[in-house]
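The values are calculated or read from the model by the stated rules, or taken from the named source; none is laboratory data. Values in this document were obtained by computation on a predicted structure and should not be read as measured data. Quick reminder, even Gly has a Cβ in these numbers, built from the backbone with ideal geometry, and neighbours come from all protein chains shown. Quick note on the areas: whole protein, heavy atoms, side chains included, nothing else; ligands and nucleic acids left out. Shrake-Rupley method; radii C 1.70, N 1.55, O 1.52, S 1.80 Å.
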Amino acid sequence: MYFQDIISTLNEFWKQQGCLLLQPYDTEKGAGTMSPHTVLRVLGPEPWAVAYPEPCRRPTDGRYGDNPNRAQHYFQYQVLIKPSPSNIQETYLASLQALGICHNEHDIRFVEDNWESPTLGAWGVGWEVWLDGMEITQFTYFQQCGGFDCRPVSIEITYGLERLAMYLQDVQSLWDLTWSPEICYGDIWLPFEKTQCMYNFQASDPDRLKQLFAIYEAEAIDLIAKKLAVPALDFVLKCSHTFNLLESRGVISVTERTATIGRIRGLARQVAEAWLTERKDLGLPLLTK
């Protein structure tokens, strides 16, 4: 199964489960969770079911394309359903079956692994899903986001697409994956990976990055004051990515790291509050903290 076919197969499967199919959100982010289709939609009482692929960036994970299992840019497939269906584990196993992975023929384990995002003020309880000893999915029941309780609880399913594809295609390096019958994954993404790592670790200017962080933070604060939750989230995500770039340059001390995470988390909380206030203005109840 080609990489592009894995995405289309999951799209078709989750469409049949009633999910809205959306496209990736157009700004840098470290995980599919950070898309407003998840991080905002877990808040509030209204039902929501969505599925989408999401490219992710984690600058410190880059290895110039020399590591067969690790990259600073990679893909997740994100599913969020609110409220969580009672049979969601069985449905997830059926999605693996759609990919040609029969749970009766493999060692599929749900290993307890509660999830947390310090910058988002978000956490949940759940599992890693292991396929024959390799983690392929994070399975999380959202408890809080932006410091607000999630009522009702949503289920988030995050597939690691490269890991799934490496298993399905039986290759030892993500760069050897086939994206389509004619094109390899590495043909598309390896040149990007090499040059992006050069930027992340060598070419970026720490002083300018700090200036950018301050600008993005100020813009987020201004937009929050104007009660514009979604534009404010964009700049919170830019703050988060810029912080990750500073970390990859090794210019953030332990004390600075803790303080900066706290600043981003404070912004995320204010964005969540602004989003819930918008819901209230639309006639939906504002949930308590």
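See the values below:
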| read-out | value |
| --- | --- |
| Scope the stretch 174-206; condition of a type outside the set (D, E, K, R) and more than 14 Å from Tyr64 (Cα to Cα); matching residues | Leu177, Thr178, Trp179, Ser180, Pro181, Ile183, Cys184, Tyr185, Ile188, Ser204, Pro206 |
| The stretch 246-280, residues that are in a helix (DSSP H, G or I) and either without any contact (Cβ under 8 Å) to a residue 12 or more places away in the chain or touching a His at 6+ places or on another chain (Cβ under 9 Å) (or both) | Val254, Thr255, Glu256, Arg257, Thr258, Ala259, Gly262, Gly266, Lys280 |
| Residue within the stretch 101-112 that is touching a Lys or Arg at 6+ places or on another chain (Cβ under 9 Å) and part of a strand (DSSP E or B) present | no |
| Checking Leu120 against (1) assigned to a loop (DSSP other than H, G, I, E, B); (2) among the aliphatic types (A, V, I, L, M); (3) farther than 20 Å from Asn69 by Cβ; (4) over 15 Å from the mean Cα position of the chain (by Cα), the condition it does not meet | (4) |
| Selection status of Glu54, open to solvent by 30 Å² or more (accessible area, probe 1.4 Å), acidic (Asp, Glu), in contact with a Gly (Cβ under 9 Å, 6 or more places away or on another chain) and part of a strand (DSSP E or B) | no |
| Matching residues in the stretch 82-97 - criterion: being open to solvent by less than 20 Å² (accessible area, probe 1.4 Å) and of a type outside the set (S, T, N, Q) | Lys82, Ile88, Tyr92, Leu96 |
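A quick yes/no check of all residues on (1) in contact (Cβ under 8 Å) with a residue 12 or more places away in the chain; (2) of a type in the set (Gly, Ala, Ser); (3) closer than 21 Å to Ala268 by Cα:
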{"position": "Asp113", "(1), (2), (3)": "yes, no, no"}
{"position": "Pro118", "(1), (2), (3)": "yes, no, yes"}
{"position": "Trp123", "(1), (2), (3)": "yes, no, yes"}
{"position": "Gly133", "(1), (2), (3)": "yes, yes, no"}
{"position": "Asp149", "(1), (2), (3)": "yes, no, yes"}
{"position": "Tyr159", "(1), (2), (3)": "yes, no, no"}
